[in-house]
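Undergrad: Sharing a structure here in C-alpha cells format.
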C-alpha cells in the first residue's frame, strides 16, 4: 500500500497541493512576481508527474484521483483570488471579471455533479478526462500566467486580456458540455466490454 502511495508522481502531486496556499498567500498580499514563480513551479510539477507516471509505469489509483483534484484546487484558487477587488491594482481589464471565474467554477461543478449522479445510479467508476477538458485546463493555466504577467508589467494589460478571458470561457463552456457526451460514450464502451466477457 505504501509503495502505491509514495510514488514520485504522487509526491509531486502532494507538492503541487502544498504550493496552493503558498501561491494564494503571495497573490493575496500583492507579491505577483512570487505568485507567478510559485504557479509556474506547480504547473511544471504537473507536467513532470504525468511524464514520470507514464515513463516508469508508476500510475496509481490514488494518483488518478489526486491529480485532477490538485489541478482544480489550484485553478479555482487562482481565479477566485484574481477576481477579488484590491488584490491586484485595478485597471481597465483587472481584476478578472466575475463572469470568467463563474464559468470556470461552474464547469467544474457541472462535471462533478454529472460524475456523482452517474456513480450513484450506475456505480460507474472509470471516469477519465476528455481531450477537450485537458485543453481547457491548459488554457486556464496559460491564462493565469498571462494575467499575472499583465499584473506585473502594466503596459501589457489592455493588449491581450479580453482575448484571454473569452478563450478561457469558451473552452470551459464547450468542454463542460462535451464531458457529458464523453462520459456517456465511456459507459457505453464499458457495457460493451462487459457483454463480451
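Throughout, read-outs are computed from the coordinates displayed, never taken from laboratory work. Here the structure is a predicted model, which means the values were calculated and not measured. Cβ coordinates were reconstructed from backbone atoms using ideal geometry, including for glycine residues, and neighbour counts include every protein chain displayed.
Undergrad: With all pairs of different alpha carbon atoms counted, what Kirkwood hydrodynamic radius in Å does the range 106-197 show?
TA: 15.1 Å
Undergrad: OK, next. Relative to the longest principal axis of the chain, what angle (0 to 90°, nearest 10) does the C-alpha long axis of helix 32-55 take?
TA: 20 degrees
Undergrad: Another one. Wrap a convex hull around the Cα atoms of the range 11-63, take a quarter of its surface area, and give that in square nanometres.
TA: Projected area, direction-averaged: 3.5 nm².
Undergrad: Oh, and also: How would you classify the range 27-140 from its alpha-carbon gyration tensor, with a ≥ b ≥ c the square roots of the eigenvalues: rounded for a/c under 1.5, else prolate if a/b is greater than b/c, otherwise oblate?
TA: In terms of gyration-tensor shape, oblate.
Undergrad: Roughly what angle does helix 61-83 make with the longest principal axis of the chain, taking Cα atoms, 0 to 90 degrees, to the nearest 10?
TA: So the inclination is approximately 20 degrees.
Undergrad: Between residue 163 and residue 31, what is the label-point separation in nm under the 7 Å Cα-to-beta-carbon projection?
TA: For the pair residue 31/residue 163, the computed spacing is 3.3 nm.
Undergrad: Right, another one. What is the gain in length, in nm to one decimal, between residue 55 and residue 98 on full extension, counting 0.36 nm per residue of separation less the C-alpha to C-alpha distance?
TA: Working it through step by step, the gained length comes to 11.5 nm.
Undergrad: Test of understanding: ordering 155, 136 by Cβ neighbours within 10 Å, fewest first, what list do you get?
TA: Fewest-to-most ranking of 155, 136: 155, 136.
Undergrad: Counting only C-alpha contacts under 8 Å and six or more residues apart, can you give the relative contact order of the range 2-196 as a whole percent?
TA: 22 percent
Undergrad: So, one more: Between the alpha-carbon centers of the range 113-173 and the range 9-24, tell me the distance in whole angstrom.
TA: Cα centroid of the range 113-173 versus Cα centroid of the range 9-24: 19 Å apart.
Undergrad: Mind putting together the pair-distance distribution for the range 2-196? All Cα pairs, 5 Å bins, whole percent per bin, short to long.
TA: Bins of 5 Å from zero give 1, 7, 15, 17, 18, 16, 12, 7, 4, 2, 1, 0, 0 percent of pairs.
Undergrad: What angle do you read, to the nearest 10 degrees and between 0 and 90, between the alpha-carbon axis of helix 98-122 and the longest principal axis of the chain?
TA: 10 degrees
Undergrad: Here's a follow-up. Cut-off is 10 Å between beta-carbons; in what order do 131, 34 appear when sorted fewest neighbours first?
TA: In order of increasing Cβ crowding within 10 Å: 131, 34.
Undergrad: Can you figure out the FRET efficiency of residue 138 with residue 186, using R₀ = 25 Å and their beta-carbon distance, to the nearest 0.05?
TA: 0.75
Undergrad: Further question on the same structure: Given points 7 Å out from each Cα along the Cα-Cβ axis, report the residue 64 to residue 86 separation in nanometres with one decimal.
TA: Using points 7 Å along Cα→Cβ, the separation is 4.7 nm.
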